[in-house]
1. Which value results when the Cα radius of gyration for the range 163-286 is divided by 2.2 N^0.38 Å?
2. Please give the residues of the range 107-151, grouped as numeric ranges, whose backbone N is less than 13 Å from a label point set 7 Å along the Cα-to-Cβ vector of ASP233.
3. Tabulate in residue order the Karplus-calculated ³J(HN,Hα) for the range 189-206, using 6.51 cos²θ - 1.76 cosθ + 1.60 with θ = phi - 60°, rounded to whole Hz; enter x for Gly and Pro.
4. What number in nm² do you get for the range 29-164 if you take the convex hull of its Cα atoms and divide its surface by four?
5. In terms of Cα to Cα distance under 17 Å, which aspartates and glutamates are near enough to LYS146, apart from those fewer than 8 places away along the same chain?
6. What net charge do the residues around VAL110 carry, taking every other residue with its C-beta under 10 Å from that of VAL110, with Lys and Arg at +1 and Asp and Glu at -1?
7. Pick out, in residue order, every one of the GluC sites (Glu not before Pro) in the range 1-67 that is DSSP loop and has at most 12 other C-beta atoms within 10 Å; say none if there are none.
8. Would you tally the net charge around MET134, using a Cβ to Cβ cut-off of less than 14 Å, leaving MET134 out, and scoring K and R as +1, D and E as -1?
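Every read-out reported here was derived from the displayed coordinates using simple, explicitly stated rules and does not represent laboratory data. This one's a predicted model, so the numbers in the text were calculated from it and none came from an experiment. Cβ: placed from backbone, ideal geometry, glycine included. Neighbour counts: every protein chain shown.
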Amino acid sequence: MNINGIINGFSKMNKEEKLKLVASFFDHPEKVLRELKSYWHRDPKKQTLFDEFSENTLSNFYFPFGIAPNFLINGKNYMVPMVIEESSVIAAASSSAKFWAERGGFHAEVISSEKLGQVHFLWKGDPDKLEKAMPELKHDLLAGTKGITSNMEGRGGGVLDIRLIRMTEQIDDYYQLRVSFETVDSMGANFINSVLEEFARLLKEFLVKSPRFQDEEKDCEIIMSILSNYTPDCLVRAYVECNVNDLQFNESEINQEKFVWKFQKAIEIAKVDEYRAATHNKGIFNGIDALALATGNDFRAIEAGAHTYACRNGKYQSLTDLTLENNIFHYELKVPLAMGTVGGLTSLHPMARFSLEMLGNPSARELMMIAASAGLANNFGAIKSLVTKGIQVGHMKMHLFNILNFYAASQDEKQKATEYFKNHKVSFKSVTDFINNYRSHVLGVKS
């Protein structure tokens, strides 16, 4: 692909013009056009809907939509929808869900559901004056945004608190209004940002009209008004527990005591070593992200907040904790999750709506608990594999079909390979050798 020079006016082109322009940079433009159009939805109205989710859209990018059954959470059974391309994630979630369903299931609670936003501004004035003016300023800010907040307040949400944060020691003249919100069942990003931008305007207006401030104190420079994806007070807890004697795995050659000891050491390592902690937490987000995608939630925002939370003690650490008391194995995840079940893609995307319906049309708080349970399930499954048979045995078994598809294997070849690799280790080389040998001896051809 060879592109020379700047492309001007691309966003103003219609879809067909964009397609033709992009295809023209390839050696086989007609083939590129056919390939891109082959992923269009057969219903033009739905395709238009998908096109309008983003900008400069050419086609759709498919990920598998799967189900992890047998999630027993707070006594209620769920089939958890998951959108993910990584092999073995749904299998691990399903295995863990079934294992724990037979041992009381997952227990979850929402500790708090506050979300945060900030108005960042520079102000050259007496900080004590501004602090003393906060009650009046709060009144004006809340009164001045009633037109934005009244509907949210009617649903039980709205602005919870407004604090003045002085950070002049870090940056000259730097302050912020740190605002906490309750957005009930919506993710609330647009609501929060709209309120914050109005707060910024009202702050400037307040400084001008208030007799507290001298002329040189009546102006401030608004840097930006924006929500924060770090939501340490939008927190959910999920845990599983059972007697140590109930930790029996058919495929494991180690006994319960050895398993628990190794599992405990794995968690300790993830607490002290950030290299391991990053991968440990990634296993949690295999489950959380897959559910977030399936329900139209912003997995990028969720990860940003949770990884920041993992650093709250001054070092990046595991998000899970293990306790062992009175022979009870108690494994717990505590994580901030700002999720929604109304508005945005949760309402517009047909598969997101389907996912939420499959979950029983949960509230945002219930969805937070389901997501935390899915994250804990995937993490438990990963640690269990790591301290027993190793991660690659199960992962590469699931990856087998990806390798076979790389070689465009027929259904017969896939069936034969599946049988063969029940008793042989899967690797790219071993599958390549199998395909070459099969095609050479059975079909008389070389791959």
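1. Rg over 2.2 N^0.38 Å, computed on Cα atoms: 1.81.
2. 112-118
3. Coupling constants for the range 189-206: 4, 5, 4, 4, 5, 5, 5, 5, 5, 6, 4, 4, 5, 5, 4, 4, 5, 5 Hz.
4. One quarter of the hull surface, i.e. the mean projection, equals 16.7 nm².
5. Correct list for LYS146: GLU136, ASP161, GLU182, GLU197, GLU198, GLU205.
6. Numbers: positive: ARG237, ARG365; negative: GLU109, GLU366.
Cβ neighbours under 10 Å give a net charge of 0.
7. Values: sites: GLU16, GLU17, GLU30, GLU35, GLU52, GLU55; in loops: GLU52, GLU55.
Qualifying residues, ordered by number: GLU52, GLU55.
8. After counting each charged neighbour, the total is +1.
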